[in-house]
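Peer 1: Sharing a structure, written as structure tokens. Questions coming.
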């Protein structure tokens with residue numbers, strides 16, 4: 001029965017027999033249930049078994065956090081063109097955008113089920129104090145980090161996490177902590193400490209050693225002329241990235257199951 005048919009019948013309900021009124025009520029209930037099923041079939045994480053999760057991976061780098069993610073459709077945003085090409089080689093099925101992750105988040109956050117952002121950390125890192133003491137120019141902390149957290153906290157319905165290093169100052173918004181990381185998220189991550197082991201070594205640890213230790217195979221650098229060691233050092237441990245992703249997916253699956261049961 002269509003909605004218009006139900007509306008027409010409702011207009012005549014006072015002329016109905018009691019049995020017809022009962023049937024009308026049942027028809028309306030059936031209609032509402034069918035509409036609910038349609039509404040609950042969006043592109044939402046975990047809503048349908050086996051459905052791919054739509055993920056936005058910001059400041060993607062070479063994809064350390066993303067390496068063990070499964071059953072997902074990933075859009076990665078990276079500003080450096082050479083790094084973006086290296087990422088694409090590692091994850092050929094991902095959509096890679098070479099652009100400003102900060103602006104992309106503001107314009108597209110509502111299009112995804114899960115968002116991961118790892119904005120640049122040098123102006124927040126404890127190394128900032130060391131560098132200043134060594135005579136380097138002091139820089140203001142880049143407040144884009146907190147701009148993104150505030151926007152996500154107040155406007156984003158997806159599950160999200162913003163990762164950064166532990167800062168030399170008291171964080172302005174209380175994060176969750178794990179290893180060398182701060183995590184701001186709209187879900188409880190859990191036992192972060194036991195997930196992933198960062199590659200440790202002396203300052204002179206070569207890029208080849210880091211690449212092997214982190215199980216990367218990169219044969220084409222696409223003209224990248226920066227310090228290759230930094231690319232690996234900036235990677236979030238793959239196991240940690242997978243653990244956080246799975247935490248978010250499980251929470252949303254449970255939430256969608258409960259919502260479906262309401263109907």
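Peer 1: So, how do all the Cα-to-Cα distances of the stretch 53-261 break down into 10 Å bins, in percent, from 0 on up?
Peer 2: 8, 33, 39, 17, 3, 0, 0
Peer 1: Counting other C-beta atoms within 10 Å, which of 187, 155 has the fewest, and how do the rest follow?
Peer 2: Values: 187 16, 155 10.
Starting with the residue having the fewest Cβ neighbours, the order is 155, 187.
Peer 1: Shifting gears a bit: Ranked by Cβ crowding within 10 angstrom, fewest neighbours first, how are 138, 105, 68 ordered? Can you show the working numbers first?
Peer 2: Working: 138 9, 105 25, 68 16.
Fewest to most other Cβ atoms nearby, the residues stand as 138, 68, 105.
Peer 1: Testing the spin-label approximation: label points 7 Å from Cα along Cα→Cβ at residue 26 and residue 98. State their distance in nm.
Peer 2: In this crude label model, residue 26 to residue 98 measures out at 6.4 nm.
Peer 1: Further, regarding this structure: Report the full-extension gain for the segment residue 172 to residue 106: residue separation times 0.36 nm, less the Cα-Cα distance, to one decimal in nm.
Peer 2: Here the answer is 21.7 nm.
Peer 1: Follow-up question, since we're still on this one. Indicate the gyration tensor shape class of the stretch 72-121 (rounded, prolate or oblate), computed on the Cα atoms with a ≥ b ≥ c the square roots of the eigenvalues: a/c under 1.5 is rounded; otherwise a/b larger than b/c is prolate and the rest oblate. List each step's numbers first, then the result.
Peer 2: Working: a/c = 1.92, a/b = 1.22, b/c = 1.57.
Since a/c reaches 1.5 but b/c is at least a/b, the shape of the stretch 72-121 is classed as oblate.
Computed from the coordinates by the stated procedures, all read-outs in this text should not be read as laboratory data. Computed from a prediction, not measured in an experiment: that's the story for all the values here. Note: ideal-geometry Cβ built from the backbone for every residue, glycine included; neighbour counts use all protein chains shown.
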